[in-house]
Ligand code: CA
């Protein structure tokens, strides 16, 4: 899952980005409203953290413009404490959630998990597909009851596929949602990652849909137990 953080306070921006990256997300960031608006309007983010008070373009204006352009990604706005009117304005501009500053990073992370859950149609932090369980809170992956160790890129790939289980995901979509904008995407082929991930999981979870992409789905068993 790939996120965007737009916040002009450098320290807060850095802290949020660090916490989100630590939690396993690919993260882009912007320090002013113009760059932030542009990124959110042109890149496919899974969720955005958006400050309201920003240089060059304020958060409400950005959000209204994204929504007018049909941008549907979940947006959590950061508001000043006790400014109830900012919250109302924000929700009416198309926000999905808000957090008043100062806030605890754990709460921001929990709210992001909730937004991603809702946007992808899941009810809990634990994504289950066949014998594979992925906990988006702890970052743990369990296969047939045993924990599996994954690299951060393998985890991101599996988390993206499992958030969208049962749906075909193209290679382009995977690349767009796994890497931040500064990452050298050419040097890593998705096929290689999928191959490694399959070997580590050791179960038939990631199906190749020829010419279209990949899909996380438990193997279909026929009534006589054969596939
Ligand atoms: Ca600000």
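Rule-based calculations on the coordinates, nothing more; no lab input. These figures come from a predicted structure and were not determined experimentally. Note that we place each Cβ from the backbone using ideal geometry, even for glycine, and neighbour counts take in every protein chain shown.
By the gyration tensor of its Cα atoms, with a ≥ b ≥ c the square roots of the eigenvalues, what is the shape of the range 68-184: rounded for a/c under 1.5, prolate for a/b over b/c, or oblate?
prolate
Which one of 167, 199, 113 has the biggest mean-square fluctuation once the chain is modelled by GNM with Cα springs under 10 Å?
Sorting by GNM fluctuation, first place goes to 199.
Using label points projected 7 Å from each Cα along Cα→Cβ, tell me how many nm separate residue 34 and residue 101, to one decimal.
Inter-label distance under the simple model: 2.1 nm.
Taking a ≥ b ≥ c as the square roots of the eigenvalues of the Cα gyration tensor of the range 2-120, is the shape rounded (a/c under 1.5), prolate (a/b larger than b/c) or oblate?
On the way: a/c = 1.20, a/b = 1.10, b/c = 1.10.
Here the range 2-120 falls in the rounded category.
Is the shape of the range 126-216 best called rounded, prolate or oblate, per the rule: a/c under 1.5 gives rounded, else a/b larger than b/c gives prolate, else oblate, with a ≥ b ≥ c the square roots of the Cα gyration tensor eigenvalues?
In terms of gyration-tensor shape, prolate.
Taking the 0 to 90 degree range and rounding to the nearest ten, how far is the long axis of helix 105-120 tilted relative to the main principal axis of the chain, both from C-alpha atoms?
The two axes meet at around 60 degrees.
Using only Cα atoms, tell me the angle between helix 190-201 and the longest principal axis of the chain; keep it within 0 to 90° and round to the nearest 10.
Long axis of 190-201 versus the principal axis of the chain: about 60 degrees.
So which residue, out of 204, 51, 82, gets the largest mean-square fluctuation from a GNM of the chain using Cα contacts under 10 Å as springs?
The residue with the greatest mean-square fluctuation here is 82.
Which whole-number percent is the relative contact order of the chain (Cα, under 8 Å, 6+ apart)?
17 percent
Which angle between 0 and 90 degrees, to the nearest 10, do you get for helix 33-42 versus the longest principal axis of the chain when only C-alpha atoms count?
Roughly 30 degrees, rounded to the nearest 10.
Name the most mobile residue of 209, 143, 132, meaning the one with the largest mean-square fluctuation, in a Gaussian network model of the chain with Cα contacts below 10 Å.
Judging by the Gaussian network model, the answer is 209.
How high is the relative contact order of the range 1-108? Use alpha-carbon pairs under 8 Å, at least six apart in sequence, and give a whole percent.
After rounding, I find 24 percent.
What is the extension gain from residue 183 to residue 15, computed as 0.36 nm multiplied by their sequence separation minus the C-alpha to C-alpha distance, in nm to one decimal?
58.5 nm
For the range 126-216, what is the relative contact order in percent, using Cα pairs closer than 8 Å and at least 6 residues apart in sequence?
31 percent
Could you tell me the largest-minus-smallest coordinate of the C-alpha atoms of the chain on each of the three principal axes, in descending order and whole angstroms?
Computed over the chain, the largest-to-smallest principal extents equal 62, 33, 30 Å.
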